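Notes to accompany the following structure.
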Amino acid sequence: MIFKLEEEHIAVKEAAREFALSRLKEGVIERDTSMSYPTEFVKEMGEMGFLSMMTDSAYGGSGMDTLSYVLAMEEISKIDASCSVIMSVNNSLVLWGLEEYGSEEQKQKYIPRLTTGNEIGCFCLSEPEAGSDATSQRTTAIDMGDHYLLNGVKNWITNGGKATIQLVVAHTDKEKGHKGINVFIVERDWEGVTIGPKEDKMGIRSSDTHSISYSDVKVPKENRIGADGFGFKFAMKTLEGGRIGIAAQALGIAAGAYELAVSYANQREAFGISIGNHQAIAFKLADMALDIEAARMIVYRAAYLKDSGLDYGYASAMAKLIASEAAMKHTVEAVQIHGGNGYVKEYHVERLMRDAKITQIYEGTSEIQRIIISRNVLTGKLELPY
Ligand code: CAA
């Protein structure tokens, strides 16, 4: 077993860190406060190849592996988790599924539009009445012969207001349960697509979250992805990879808070010595280092399994669970270490704490990850491919 990054991975990590520090850091507090979408930086992320990291270069992607994607997500999330979720959704929930399951015509038509940062995609699964229970979709797409007629409402859609290309999950035949679900490529400008107001969120505030409604939207037959009834499996497979991205985001948030806490503990003094020399603070830092390193190993391993063509569903659930729990726990501790300063925006840790919370919720709550892990445990599938 080799616990060492290859040179190409170190280069990606350093490029992402440099971009985050030199471009994202300066205005991050203001963007968070004003909920300003980082249009300029999304464009730059596209130019740097961060929006299509695992996509084949034949379609305009960067053609890198999942570990590279994880490393870039981690570094960008240390500084700005709003930018990283925009990146994650485009990479994992939109481009990966399009490339893996789309027809050649769909890939050629849509993928190149989503690699440059000029356009962005979104993944429309959640509904007002269908969050964790993803099979209970109420959105319908009725087969009208030469097209589908799409009706319904989607909720909490990351990139929802900006995305020009949407992957929409809908029932084509409710009688068939999950086997009657399909996924469609929908364009924002089509008649009947309405973007709801922007959500005013606790964290990741400069990312763009909206509801989207569909009223008699005509979807061409050729815009269904995969065979009839494949939509639920498409969503599940897509989320397996998406969870590696969110795990990396959570890891970055935790690591960002840790770096700030270490630096603060070294320079802030109390009772004549730096607070890091008080055991109460030193032990908190030790616990942070421990949990973050443990999460990092599991997140990188999930990426390795995916890159190796092995089953990674349970590994991605584990990665998301351990990293998001570490992010929540240790951003709270980072605020505590900063004392009163931690409670004000200038010191960044309160934002990281607010940003951490969503990683325990989106792309499957912590409870859903435990369902997935426990099902693997009980069916004996949790055998690691050593
Ligand atoms: N890969 C392939 N197939 C899968 C699968 C997987 N990972 N998981 C389930 N399936 C298949 C099953 O094999 C089964 O098919 P068959 O009947 O042919 O065998 C079918 O799907 C139904 O499976 P289950 O009976 O296990 O389904 P379930 O109703 O019990 O739900 C669940 C399983 C894992 C809980 C699923 O509903 C789930 O993941 N829920 C969470 C949804 C979620 O993550 N939502 C997040 C929204 S997206 C988001 O947040 C985006 C954003 O903007 C950031």
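In the set (1) within 27 Å of residue 370 (Cβ to Cβ); (2) charged (D, E, K, R); (3) over 13 Å from the mean Cα position of the chain (by Cα), residue 143 fails one condition alone, (1).
Residue check: is residue 185 part of a strand (DSSP E or B), open to solvent by less than 10 Å² (accessible area, probe 1.4 Å) and in contact with a Lys or Arg (Cβ under 7 Å, 6 or more places away or on another chain)? Against the criterion (part of a strand (DSSP E or B), open to solvent by less than 10 Å² (accessible area, probe 1.4 Å) and in contact with a Lys or Arg (Cβ under 7 Å, 6 or more places away or on another chain)), residue 185 does not qualify.
Return the residue satisfying two criteria in turn: it lies in the stretch 130-150 and is open to solvent by less than 50 Å² (accessible area, probe 1.4 Å) and not in a loop (DSSP other than H, G, I, E, B), and of such residues it is farthest from the ligand (Cβ to nearest atom). The qualifying residue farthest from the ligand (Cβ to nearest atom) is 147.
Just checking, how many residues over the stretch 308-323 are more than 18 Å from the chain's Cα centre (by Cα) and among the basic types (Lys, Arg)? Don't jump to the end; show me each part of the working.
Our first condition is that a residue be more than 18 Å from the chain's Cα centre (by Cα); within the stretch 308-323, this holds for 308-311.
Subset that is among the basic types (Lys, Arg): none.
Qualifying residue count for the region: 0.
Rundown of residues vs (1) outside any strand (DSSP E or B); (2) within 16 Å of the ligand (Cβ to nearest atom); (3) touching a residue at least 40 places away in the same chain (Cβ under 8 Å), yes/no style:
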| position | (1), (2), (3) |
| --- | --- |
| 156 | no, yes, yes |
| 160 | yes, yes, yes |
| 175 | yes, yes, no |
| 232 | yes, yes, yes |
| 235 | yes, yes, yes |
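The residues in the stretch 117-129 that are surrounded by fewer than 17 Cβ atoms within 10 Å (Cβ to Cβ) and either within 10 Å of the ligand (Cβ to nearest atom) or under 23 Å from residue 37 (Cα atoms) (or both) can be counted, and the count is 1.
Scanning the stretch 337-382 for residues that are away from the ligand (no atom under 15 Å from the Cβ) and either more than 20 Å from residue 29 (Cβ to Cβ) or out of contact with any helix residue (DSSP H, G or I) (no Cβ under 9 Å at 6 or more places or on another chain) (or both) yields 340, 380. At pLDDT 95 or above, buried (at least 24 other Cβ atoms within 10 Å of the Cβ) and either within 14 Å of the ligand (Cβ to nearest atom) or not basic (Lys, Arg) (or both), is that true of residue 227? Here the answer is no, as residue 227 does not meet what is asked. Only one of the numbered conditions (1) open to solvent by less than 40 Å² (accessible area, probe 1.4 Å); (2) closer than 17 Å to residue 181 by Cβ is violated by residue 111, and that is (2).
To keep it simple, each residue is scored yes or no on (1) within 24 Å of the chain's Cα centre (by Cα); (2) not in a helix (DSSP H, G or I).
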position: 282; (1), (2): no, no
position: 288; (1), (2): yes, no
position: 294; (1), (2): yes, no
position: 306; (1), (2): yes, no
position: 337; (1), (2): no, no
position: 346; (1), (2): no, no
position: 350; (1), (2): yes, no
position: 363; (1), (2): yes, yes
position: 369; (1), (2): yes, no
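The values are calculated or read from the model by the stated rules, or taken from the named source; none is laboratory data. These numbers were taken from a predicted model, which means no experiment stands behind them. Here Cβ is always computed from backbone atoms with ideal geometry, including for glycine, and neighbour counts include all displayed protein chains. The accessibility values were calculated without ligands, DNA or RNA, using every heavy atom of the protein model including side chains. Shrake-Rupley method; radii C 1.70, N 1.55, O 1.52, S 1.80 Å.
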